[in-house]
Amino acid sequence: MTSGPLDRWYETAGVRTGVRRMFHEGAEQGLVFFPEALVPHLDHPAVLALEPARRRELTVRHLYGFLLATTHLETRVVNRAAERIANGRTGLPLTAGLREDAFKVYCDEGYHALYSLDLADQIAAVSRVPIPERDYGGFVDRMADSARRLLPDRPELAALLQAVVFETLITAVLGEVPNDESVVRPVRDLMRDHARDEGRHHRFFSAFFTELWAGLDPADRRAAALALPDLIQIALGADLGPVVDSLRLAGLDRQAVGAVLAQCYAPGFDTRRIQEIARSTLRLCASVGAFDLPGVREAFAARGLYEVDLAP
């Protein structure tokens, strides 16, 4: 019997064995709430001119954006796909074991959403930096609109591909924080907890994608391959709504906010980081022969995603 990434889920999953990560202000003096190198606008001259307290608040709100976006992605993107897989609603002849694993993923993702919201609320209470009154899930709606545009005749396929893309990208994103000792420990620990589960999800969705790909007819296979570079770019794109809110709350006027966005979030501003994070997802595409289909290499190249070194 072939072993799978979730075989020891009852013994290893965070929802089964994890502890609640608690934030204690006194133990975290002098540390930041989010890696400053991962907050693109912190180095803009208008932001550098702010008082240290305002810059600190910017990093706190950037963390809120990350945590609260996670609650939407996990429950509205990944669990939407996990439910279809678990209940056999993909049109593929899936094994009982794969369907059971999808329910394990479903449980994990709900827990990830819970502890992301929990930590955000803890930090807001202790840091006295309130969570802005906004919907952090608007970008999920935009992702869904883009998926429908890219695959208008196969919305269910678009939803599955979105989950595969996100789950094969997120491990690299989470891996950027846990070893950064400038960051408060509860945030580092939560990201490490999350990354452990997501490493198993990555392997699950990679295996599922291989089965999904094999079950597509040639026309759907090419359509999916042409949609993938945009799905990758959309999943890793910045959600500017929370950034605008945060900069305005820091005291910048509309003109200054516009200047920050133009300089720090212009198209292509983070191409190298996207390439690095997407490497594993691109290897998965290569493994099923996606780049060999007509026009697909060109589609990936147009998004700066083909000339990436895919060596492990």
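Of all residues in segment 17-54, count the ones that are within 30 Å of Lys104 (Cα to Cα) and surrounded by 14 or more Cβ atoms within 10 Å (Cβ to Cβ). Quick ask: steps written out before the conclusion?
Residues of segment 17-54 that are within 30 Å of Lys104 (Cα to Cα), as a first pass: 17-23, 34.
Filter again for surrounded by 14 or more Cβ atoms within 10 Å (Cβ to Cβ), leaving 18, 21, 23, 34.
Summing the residues that are within 30 Å of Lys104 (Cα to Cα) and surrounded by 14 or more Cβ atoms within 10 Å (Cβ to Cβ) in segment 17-54 gives 4.
Residue-by-condition table, conditions (1) among the acidic types (Asp, Glu); (2) farther than 30 Å from Leu157 by Cβ; (3) at pLDDT 95 or above:
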| residue | (1), (2), (3) |
| --- | --- |
| Phe204 | no, no, yes |
| Asp239 | yes, no, no |
| Gly258 | no, yes, yes |
| Gln263 | no, yes, no |
| Glu276 | yes, no, no |
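Residues in segment 131-153: is at least one at pLDDT below 95, within 22 Å of Gly65 (Cα to Cα) and either among the polar types (S, T, N, Q) or in contact with a strand residue (DSSP E or B) (Cβ under 7 Å, 6 or more places away or on another chain) (or both)?
Among the residues of segment 131-153, at least one is at pLDDT below 95, within 22 Å of Gly65 (Cα to Cα) and either among the polar types (S, T, N, Q) or in contact with a strand residue (DSSP E or B) (Cβ under 7 Å, 6 or more places away or on another chain) (or both), which makes the answer yes.
Consider Leu212 carefully, then state whether it is under 15 Å from the mean Cα position of the chain (by Cα), over 16 Å from Thr70 (Cα atoms), part of a helix (DSSP H, G or I) and among the aliphatic types (A, V, I, L, M).
no
So for segment 215-230 (the condition being outside any loop (DSSP other than H, G, I, E, B), basic (Lys, Arg) and in contact with an Asp or Glu (Cβ under 9 Å, 6 or more places away or on another chain)), does at least one residue qualify?
Within segment 215-230, not a single residue is outside any loop (DSSP other than H, G, I, E, B), basic (Lys, Arg) and in contact with an Asp or Glu (Cβ under 9 Å, 6 or more places away or on another chain).
For segment 100-108, check the following and say yes or no: at least one residue is surrounded by fewer than 16 Cβ atoms within 10 Å (Cβ to Cβ), part of a loop (DSSP other than H, G, I, E, B) and either at pLDDT 95 or above or β-branched (Val, Ile, Thr) (or both).
There is no residue in segment 100-108 that is surrounded by fewer than 16 Cβ atoms within 10 Å (Cβ to Cβ), part of a loop (DSSP other than H, G, I, E, B) and either at pLDDT 95 or above or β-branched (Val, Ile, Thr) (or both).
Which residue is farthest from Asp141 (Cα to Cα), if the candidates are limited to segment 242-258 and must be touching a residue at least 24 places away in the same chain (Cβ under 8 Å) and surrounded by fewer than 16 Cβ atoms within 10 Å (Cβ to Cβ)?
Gly251
If you scan segment 22-59, which residues turn out to be in contact with a helix residue (DSSP H, G or I) (Cβ under 9 Å, 6 or more places away or on another chain) and part of a loop (DSSP other than H, G, I, E, B)?
Scanning segment 22-59 gives Met22, Phe23, His24, Leu31, Phe33, Phe34, Pro35, Val39, His44, Leu50.
Tell me, which residue of segment 109-136 that is in contact with a Pro (Cβ under 9 Å, 6 or more places away or on another chain) and in a loop (DSSP other than H, G, I, E, B) is surrounded by the most Cβ atoms within 10 Å (Cβ to Cβ)?
Tyr136
With respect to Thr71, is the statement that it is closer than 29 Å to Tyr265 by Cβ, crowded, with 20+ Cβ neighbours inside 10 Å and at pLDDT 95 or above true? Step through it out loud before you land on a result.
Working: closer than 29 Å to Tyr265 by Cβ: yes; crowded, with 20+ Cβ neighbours inside 10 Å: yes; at pLDDT 95 or above: yes.
So Thr71 fits the description; yes.
Which residue pairs have Cβ atoms closer than 6 Å, lie 6 or more positions apart in sequence or on different chains, and pair a first residue in segment 130-159 that is closer than 13 Å to Ala235 by Cα with a second residue that is at pLDDT 90 or above and polar (S, T, N, Q)?
From residues that are closer than 13 Å to Ala235 by Cα, the pairs are Ala147/Gln162.
Any residue at all in segment 265-272 that is assigned to a helix (DSSP H, G or I), free of Cβ contacts under 8 Å to residues at least 60 places away in the same chain and either in contact with a strand residue (DSSP E or B) (Cβ under 6 Å, 6 or more places away or on another chain) or among the hydroxyl-bearing types (Ser, Thr, Tyr) (or both)?
Yes - at least one qualifying residue is present in segment 265-272.
Take Pro186 and decide whether it is in contact with a helix residue (DSSP H, G or I) (Cβ under 6 Å, 6 or more places away or on another chain) and in a helix (DSSP H, G or I).
On the way: in contact with a helix residue (DSSP H, G or I) (Cβ under 6 Å, 6 or more places away or on another chain): no; in a helix (DSSP H, G or I): yes.
It is false that Pro186 is in contact with a helix residue (DSSP H, G or I) (Cβ under 6 Å, 6 or more places away or on another chain) and in a helix (DSSP H, G or I).
Please specify each residue of segment 1-16 satisfying the condition of being at pLDDT below 95, of a type outside the set (Gly, Ala, Ser) and either outside any loop (DSSP other than H, G, I, E, B) or loosely packed, with under 11 Cβ neighbours inside 10 Å (or both).
Selection gives Met1, Thr2.
Within segment 70-110, which residues are under 18 Å from Gly215 (Cβ atoms) and among the polar types (S, T, N, Q)?
Across segment 70-110, the qualifying residues are Asn87, Thr90, Thr95.
Identify all residues within segment 16-50 that are without any contact (Cβ under 8 Å) to a residue 40 or more places away in the chain and more than 26 Å from the chain's Cα centre (by Cα); write none if there are none.
Gly26, Gln29, Gly30, Pro45, Leu48, Ala49
The values are calculated or read from the model by the stated rules, or taken from the named source; none is laboratory data. None of these values were measured; they are calculated from a predicted model. Virtual Cβ from ideal backbone geometry, glycine too; neighbours counted across all protein chains shown.
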